[in-house]
1. Can you give me the long-range amide H partners of B:THR73? Hydrogens built in the peptide plane at 1.01 Å from N, cutoff under 5 Å, separation of 5 or more residues or another chain.
2. Please give the per residue accessible area of segment A:136-179, computed with a probe of 1.4 Å over protein heavy atoms only, in Å².
3. With everything on Cα atoms, drop me the angle between helix A:78-87 and the longest principal axis of chain A, reported from 0 to 90° to the nearest 10.
4. So between B:GLU176 and B:LEU18, what do we pick up on full extension, going 0.36 nm a residue minus the alpha carbon distance?
5. From the helices alone, meaning DSSP H stretches of at least four residues, give me the mean residue ellipticity at 222 nm for chain B, per-run term -39500 (n - 2.57), in deg cm²/dmol to the nearest 500.
6. Using the scaling law 2.2 N^0.38 Å as the reference, what is the normalised Cα Rg of chain A?
7. Leaving out ligands, DNA and RNA but keeping every protein chain, what accessible area does B:TYR75 have, in Å² rounded to the nearest 10, with a 1.4 Å probe?
8. Using the beta-carbon distance between A:VAL41 and A:ARG214 and R0 = 30 Å, what value does 1/(1 + (r/R0)^6) give for FRET efficiency, to the nearest 0.05?
Amino acid sequence: MAISVPAVSVVGSQLARVRRILLTWLTLSTNAILFVGLSIVLGIGSGLYLVDTGSRLTTQRSGPWVMWSRAGQRDLDPYTRARYAKLGSLPLSTQIAATWEARYDLDGRRLHSSCEYLLEAEPMDATWFNLAVYDDNGLLIPNSAERHSFTSQTIAANPDGSFFIVLAREARPGNWLPVGGAGRITLLITMIEPKPSVVESAQQLPSIRRIGCR
Amino acid sequence: MKYLNRLLGHWPVVLGALVAAGIVHICTVFALPSFYHSDAYSRLARTLPSNAFVILPQARPRAQVLPYQLPATRYAICRFDITDSPVAVRATLAEPGWTLSAYTSQGESFYVLPASEQRRVNLSLLILPPGDRFLGPITEARNYDPDLSTVISPSREGLIVIQAPLKGRTYAAEIEQALAQIVCRKVGL
């Protein structure tokens with residue numbers, strides 16, 4: 001009996017040591033997984049998000065319209081650079097042009113070709129403007145009317161220069177832009193040499209109101 | 001709430017992860033352009049010859065060279081390469097709304113000019129790489145063309161893009177004719 005007591009105590013202490021090591025390892029690995037997971041998900045996720053949507057530092061917003069403030073300029077900030085590398089487009093410099101894009105209507109719903117929209121705009125004070133509609137990848141939408149945009153020369157405007165455009169699948173009277181079956185759509189307004197008031201207040205940008213959906 | 005409490009129980013780890021996430025965020029944003037091989041320059045470099053203007057066909061569905069290309073605009077693009085010699089560009093911006101933009105291969109615009117509302121803008125540019133390698137022969141070139149303006153390009157390769165808005169289909173031939181006059185060529189200095 002005098003010999004067996006120390007033997008049990010040695011096994012017990014060994015077991016306790018193994019348990020301690022296992023617990024420490026488990027805590028460390030949980031912390032490591034938490035650390036790595038959080039850093040990667042938050043870091044990459046926030047990076048991709050800000051490159052896609054922009055922030056107050058990189059964009060100017062007016063209702064649903066967004067303009068990347070330094071697009072096409074020298075010494076681009078890394079977000080704008082990544083944004084246009086991703087899109088694959090060649091933006092005109094904001095020194096001479098303003099390019100506004102909209103992916104949502106006035107109520108914040110994603111623009112979609114299954115819905116009909118009414119765009120109402122004040123006269124646009126710029127040398128030239130173009131309002132075009134694209135699918136989600138920046139591609140023109142096939143349609144039998146072969147109509148993809150309106151410009152300052154082709155738009156049928158009111159005598160005071162204001163105008164409206166209807167985005168719909170089927171033909172509509174007036175300025176109709178067909179959206180076909182494109183799915184999600186994006187609107188792009190390019191203004192060359194806009195007056196400063198257009199860029200600063202952006203009040204002349206069209207409102208985008210959803211009329212209905214199928 | 002239960003998960004949030006658990007997370008807060010590991011606050012030193014969470015705090016460390018937030019700092020690390022900031023570093024990952026910065027690295028991600030800086031690294032993203034090198035992951036996208038379909039930026040505008042890469043797309044155009046695959047098809048366009050160097051040091052010559054190419055007038056792109058009008059953008060149509062399934063026949064677009066670049067995403068978000070303006071359908072009511074004609075584009076003339078010169079992919080320049082100034083590794084061996086400068087490149088001269090002669091162009092006329094015929095109408096209000098016409099623009100000339102020079103981009104580096106990374107998509108930064110280092111020179112931009114719109115047409116004037118009052119008059120046609122005649123341009124004569126010499127695109128040079130940074131440094132003084134070609135500074136001597138430029139004086140010689142100026143003797144032949146006193147209006148020559150020099151523009152230093154931050155990169156040895158890039159794009160000169162002229163955009164000409166279409167006023168309507170009836171003007172298409174006129175615009176194409178005006179674009180056909182523009183020149184982009186290597187200068188044998």
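The values are calculated or read from the model by the stated rules, or taken from the named source; none is laboratory data. As the structure is a computational prediction, the values presented were derived from the model and not from experiment. Methodologically, a virtual Cβ is constructed for each residue, glycine included, from the backbone with ideal geometry; neighbour enumeration extends over all protein chains shown. Heads up: the accessible areas ignore ligands, DNA and RNA and are worked out on the full protein's heavy atoms, side chains in. Shrake-Rupley method; radii C 1.70, N 1.55, O 1.52, S 1.80 Å.
1. The list, which skips near neighbours in sequence, is B:ALA59, B:LEU166.
2. Values: 2090 Å² over 44 residues.
For segment A:136-179, the per-residue accessible area is 48 Å².
3. It works out to around 70 degrees.
4. Details: separation 158, 0.36 × 158 = 56.88 nm, distance 5.55 nm.
The span from B:GLU176 to B:LEU18 would gain 51.3 nm if fully extended.
5. Working: 5 runs with 58 residues, N = 189.
Taken over chain B, the calculation gives -9500 deg cm²/dmol.
6. On the way: Rg = 28.7 Å, N = 214, 2.2 N^0.38 = 16.9 Å.
Scaled against compact globular proteins, the figure is 1.70.
7. B:TYR75 has an accessible surface of roughly 20 Å² with all protein chains in place.
8. Numbers: r = 37 Å, r/R0 = 1.24.
The computed FRET efficiency comes out at 0.20.
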